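To start, the structure itself, in C-alpha cells.
The values are calculated or read from the model by the stated rules, or taken from the named source; none is laboratory data. Quantities reported herein were computed from a predicted structural model and do not represent experimental measurements. When we count neighbours, we look across all protein chains shown, and the Cβ atoms used for this are built from the backbone with ideal geometry, even at glycine.
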Amino acid sequence: MFQTILKTSAATAIISVMATSAFAAVDAQDVLARLAAQLELQGLELTADSAVNDGSDNILLSGVRLGVGEGESFEFDQFALQGVVDAPNDGYVVSRMAIPQFQSDAEGMTINFAGALIEGYFIAGATETDPLLKGTIYRRIEFGEFNIGPGGNTAFAVSGGEVNISPYEPGGTMEFDMSFNDMTIDFSSAPNPQAKATMSALGYETISGNITAAGTWDTDSGLTAIEPFKISATDAADLSFTLKIGGYTPQLVAGMQEMQKTMKGNEQAMGMAMLGLMQQLDVQGISISVDDNSLTGRLIDFFGSQQGMNRESTVALAKGMLPIGLGQLGHPEFAAKATAAVGQYLDDPMNLTVAAAPAAPVPMAQIMGAATGNPASLIDLLSVTVVANQ
C-alpha cells in the first residue's frame, strides 16, 4: 500500500496554465503515441486500433488494450479524451479522460468496474525533460463502483472514490488527498473455509468501512509526508499509518523511470535496482496506530474459547507471555516499556501506537545495514516507542 501512495503522490496535479489558450486541432496519432510512451514509463502498455480527432479538441480511441503485467490486459471498445490542447515541449493537456466501465473474468474471479473520470491529465511531449511531467500527472480522479469475487459473487467492493492533487510547480510543494467509500468485505465468499469460520466466530459475516489519506510532497527537498493513511472498519477498529521520508526527489523519480525502461521484463534485476534506489531515501518518522471498536475484545474471546478460558484469564495469560516474546528482541528496556503498554491496552482496549521518531533523519542504507547485522539496534536507531490509551 505504501508503494501505491508514493506513486499517487508522485503522480501529482497538472497546472492549467500549461495549456495554450489558442485552439488548434491536435494530431490524434501523436497524442496516442505520446500517451503510450508515457504509460510505458509506469510499466503499462497501451495500444489502440485507431485514434480520431473529431475536428475540434476531442479524440476518440477505439479498440484500446491496456497491458498491466505479464499476459494481463484490459480491453475497451472506445476511450474518450476530451478537451485536448497543446502544452509546452510538444506535450498535451487533456481536460477530461473518460475510462469506460468494464467486466473481466479470469481464473474464476470476476471484476466489475463502473468506470472513472480523470481531469487535468498531462501528456508529456518528446522534448520534455522534467521527470515529474514525464510521469502520470493529473488534477483529479473520480471513480465509480468496483467489486471483485469468485464465480460472480462479491467478495470485496467499494462504492467509489476520488483522488485530488494540487497543481505542480517545479520545486514546489504539492498536496493530495484520497478516499475509497463504502468498502465492504463479504467473508461468505472467502475461498478458505477456515478463514470463513474464523470470521464468523468473531461475529463478522461482513466488514464495512472506508479508506482515507492525505499528504504533501516537497519536490525540491524530496520530503514526503502521509498524515494519515486511515482504514476505518465499522464495529471493528481504525488502523492509521503516518509516514515522513526524505530523498524522494525528481532525480530519484528519473532513476525509477530509467530502470523501468531499461530493465522491463527482468523482474530480478529490477528488484535489485529498486533496492539501490531506495538507499537514497531517509526515514524521519513512522507510526502505526489502532483505535479499537470491539475487535480486540472479540479476538480475546475467540482465542480464549479455543483454550476454554474466559476473557480475564486470557488477558492474564497474554500479559504473562509478553515479557518472554518481547525479550527475544534483545533490548530489555524497550521490552519492559512495550510490555507495560500492551498490557495496559489489553486491560482496557482503547488505542495502541507504535512509533519511530528519530531525532535526525536516518538513511535507508543505515536501516538496511542494521536490520541485517543487529536487528535490535533498530529500536534505538529509530527511537521506537509503544504507548497505549493516550
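Scan region 202-239 for residues that are buried (at least 20 other Cβ atoms within 10 Å of the Cβ) and among the polar types (S, T, N, Q) and jot them down. 219, 224, listed by residue number.
The conditions of being under 25 Å from residue 277 (Cβ atoms) and out of contact with any Leu (no Cβ under 8 Å at 6 or more places or on another chain) are met by residue 377.
Does any residue of region 251-274 turn out to be under 30 Å from residue 157 (Cβ atoms) and either assigned to a helix (DSSP H, G or I) or among the hydroxyl-bearing types (Ser, Thr, Tyr) (or both)? Scanning region 251-274 turns up no residue that is under 30 Å from residue 157 (Cβ atoms) and either assigned to a helix (DSSP H, G or I) or among the hydroxyl-bearing types (Ser, Thr, Tyr) (or both). I'd like the full set of residues that are exposed (fewer than 14 other Cβ atoms within 10 Å of the Cβ), in contact (Cβ under 8 Å) with a residue 12 or more places away in the chain and not in a loop (DSSP other than H, G, I, E, B), limited to region 357-376. If the condition is that a residue be exposed (fewer than 14 other Cβ atoms within 10 Å of the Cβ), in contact (Cβ under 8 Å) with a residue 12 or more places away in the chain and not in a loop (DSSP other than H, G, I, E, B), then 368 is the only one that fits. Within region 93-129, the residues that satisfy the criterion of being part of a loop (DSSP other than H, G, I, E, B) and either without any contact (Cβ under 8 Å) to a residue 12 or more places away in the chain or more than 16 Å from residue 158 (Cβ to Cβ) (or both) are 100, 107, 108, 124, 125, 126, 127, 128, 129. Whether a residue is of a type in the set (Lys, Arg), within 23 Å of residue 355 (Cα to Cα) and in contact (Cβ under 8 Å) with a residue 24 or more places away in the chain was assessed, and residue 244 passes this test. Checking each residue in region 221-246 for being touching a helix residue (DSSP H, G or I) at 6+ places or on another chain (Cβ under 9 Å) and either charged (D, E, K, R) or under 18 Å from residue 135 (Cα atoms) (or both) picks out 222, 224, 235. Number of residues in region 293-314 that are surrounded by 18 or more Cβ atoms within 10 Å (Cβ to Cβ) and either among the aliphatic types (A, V, I, L, M) or not assigned by TED's automatic domain parsing to the domain that holds residue 384 (or both) equals 2.
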